[in-house]
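Nothing in this text is a laboratory measurement; each read-out follows from the coordinates by a stated rule. Because the structure is predicted, anything quoted here is derived from the model rather than measured. All Cβ positions, even for glycine, are placed from backbone atoms using ideal geometry, and neighbour counts span all protein chains on display.
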Amino acid sequence: MADYVQTWRKKLRLAVLVDVAKQELESGKDITKVYEILEEEMQERWRFVGSTKKQYLDDVKKILTNQYVLVM
């Protein structure tokens, strides 16, 4: 049961980050600036450590390039 909760939370967090990334990219910002914004979001909202931030950024990158599909 706990695995399902953690998976659900991760999917929700990824959905939030992907939404932020899409909005920033549509507004014309550079991808490096978008990654900085995402890192700030992760630090403020969830206080992620460096390794977790990297993992989430990799997942967001895969979702944006359609290598990974986020199913809710």
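When the stretch 1-41 is filtered for residues that are loosely packed, with under 10 Cβ neighbours inside 10 Å and either hydrophobic (A, V, I, L, M, F, W, C) or under 12 Å from residue 56 (Cβ atoms) (or both), the ones remaining, listed by number, are 1, 2, 5. Scanning the stretch 46-62 for residues that are touching a residue at least 24 places away in the same chain (Cβ under 8 Å) and either over 16 Å from residue 10 (Cα atoms) or over 9 Å from the mean Cα position of the chain (by Cα) (or both) returns a single hit, 46.
The number of residues in the stretch 42-72 that are surrounded by 14 or more Cβ atoms within 10 Å (Cβ to Cβ) and small (Gly, Ala, Ser) comes to 0. The set of residues from the stretch 11-44 being touching a residue at least 24 places away in the same chain (Cβ under 8 Å) and among the basic types (Lys, Arg) comprises 11, 13, 22.
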